[in-house]
Amino acid sequence: MIPDMLIDIARVFAILSLVSIGGANAVLPEIRRQVVDVQGWMSDASFTNLFAISNAAPGPNIILVSLIGWQLAGLAGLAVATLAIMIPSCSLAFLAGRVVSRWSDKRWVTLLKQGLVPVALGLILASGVSMMRTADHDALTTAISVATAVFVVFSSRNPLWAIATGTGVNIAALHFS
Amino acid sequence: MTNQQDPADDVRHTVSKSELFLGFLKIGLLGFGGIAPWARHVIIEERRWLTDKEFAAILGIGQILPGPNTMNAAVMIGDRFQGVPGVLLCLLGQMAMPLVIVTSLASIYQHFATIPEVKAAVVGAAAGAAGLVLGTALKMARKIRLAPRALVVAAMAFVAIGLLAWPLVPVVAALVPLGIAAAALERRA
């Protein structure tokens, strides 16, 4: 018997996997909507915590999905969520890779590539704003987000520096308020 | 750095299964806040599996497909050198360390979540990560320099998802044909 929870996890994330053009950042609003609003798996605050933890770890940011699975159903949940978010998009990438390398000189391949760029770009921008709405509760956290964004745009140094500084500032602020 | 020499001479034509696994293990371990720069470092600078041009093309295709572009790139690179077993080893390598680290962090966090400093650190890091995504999108927008029609499509995607919080699937389904139409009109013009 497979618990209903695991089936729900597999269904929700396998569908998300297929529409996640632009990666986890682009589908973050939809992940939040599914996990918090539609499925009611956790509160907005718990979701924000998991989001923060997954951002503190290295690797592809879809590990947020693995972490959600782990939180909901332990190791089995972790495995099911990870496979559900990976298998559909990776299978598509596998097929697309073979198709593109075979027909790379065709006009429709070029048009498709070009046409998807603005959609992906708009979605990532939307994610940044949606993440700020979830993460920023006051003037200080808003300032940290804006300062990090400015650092990323104008510097090619590792953004780890900006994030570490923001984290340090937010801890230090505890002792001055 | 670009030069006139054919860089293909410097590039490896075979990469073994264990090299693929260990290379992507390292990329996964290093990749804080977006793994594309680390993937480039390991794959091109360090190990010379691909040229910059080949890598950019693979990342570009990865970007327009569903899923993280770096994960899609791992699939295509694995397939190129070792077929299906290569794909599986690249994906396993890329996910192994991040999964161990994220679950360890989550376990520690549950024990220390009541300490105010820990809470402040997590909140501060989340605010920084939000800024990282916003900044990355702005940087990409600056570099890609969309044509006017494409810019409208990007703005529609931003407003629908970022401001109106509409569900993703119908928005993407409606905007992808518009994006392709914009690209086709741009070429005819």
Conditions (1) within 16 Å of residue A:58 (Cβ to Cβ); (2) at pLDDT 90 or above; (3) crowded, with 16+ Cβ neighbours inside 10 Å; number of the one not met by residue B:70: (2)
Out of (1) modelled with pLDDT of 85 or more; (2) assigned by TED's automatic domain parsing to the domain that holds residue B:64; (3) over 23 Å from the mean Cα position of the chain (by Cα), the odd one out for residue B:149 is which? (2)
Within 7 Å of chain B (Cβ to nearest Cβ) and polar (S, T, N, Q) - does that describe any residue in segment A:43-53? yes
I need a count of the residues in segment A:1-31 that are more than 18 Å from the chain's Cα centre (by Cα), buried (at least 18 other Cβ atoms within 10 Å of the Cβ) and without any contact (Cβ under 8 Å) to a residue 60 or more places away in the chain. 0
Kindly indicate the residue of segment A:136-162 that is touching a residue at least 24 places away in the same chain (Cβ under 8 Å) and at the interface with another protein chain (Cβ under 7 Å from one of its Cβ atoms) and also surrounded by the most Cβ atoms within 10 Å (Cβ to Cβ) among those meeting that condition. A:144
Where residues in segment B:107-128 are part of a helix (DSSP H, G or I) and of a type in the set (Val, Ile, Thr), which of them is farthest from residue A:48 (Cα to Cα)? B:108
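Return the residues of segment A:92-131 that are aromatic (Phe, Trp, Tyr) and either in contact with a Cys (Cβ under 8 Å, 6 or more places away or on another chain) or modelled with pLDDT under 85 (or both); say none if nothing qualifies.
Passing the criteria: A:103, A:108.
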When only residues in segment A:93-120 that are in contact (Cβ under 8 Å) with a residue 40 or more places away in the chain and not β-branched (Val, Ile, Thr) count, which is farthest from the other protein chains (Cβ to nearest Cβ)? A:120
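Restricting to segment A:140-156, and then to whatever is part of a helix (DSSP H, G or I) and at pLDDT below 90, can you tell me which residue is nearest to the chain's Cα centre (by Cα)? Outline the logic, then answer.
Of segment A:140-156, the ones part of a helix (DSSP H, G or I) are A:140-154.
Restricting the remaining residues to those that are at pLDDT below 90 gives A:152-154.
Working: A:152: 18, A:153: 20, A:154: 23 Å.
Only one residue tops the list, namely A:152.
The values are calculated or read from the model by the stated rules, or taken from the named source; none is laboratory data. All values derive from a computational prediction rather than experimental measurement. A quick note on method: Cβ atoms are made from the backbone with ideal geometry, for glycine too, and the neighbour counts reach across all protein chains shown.
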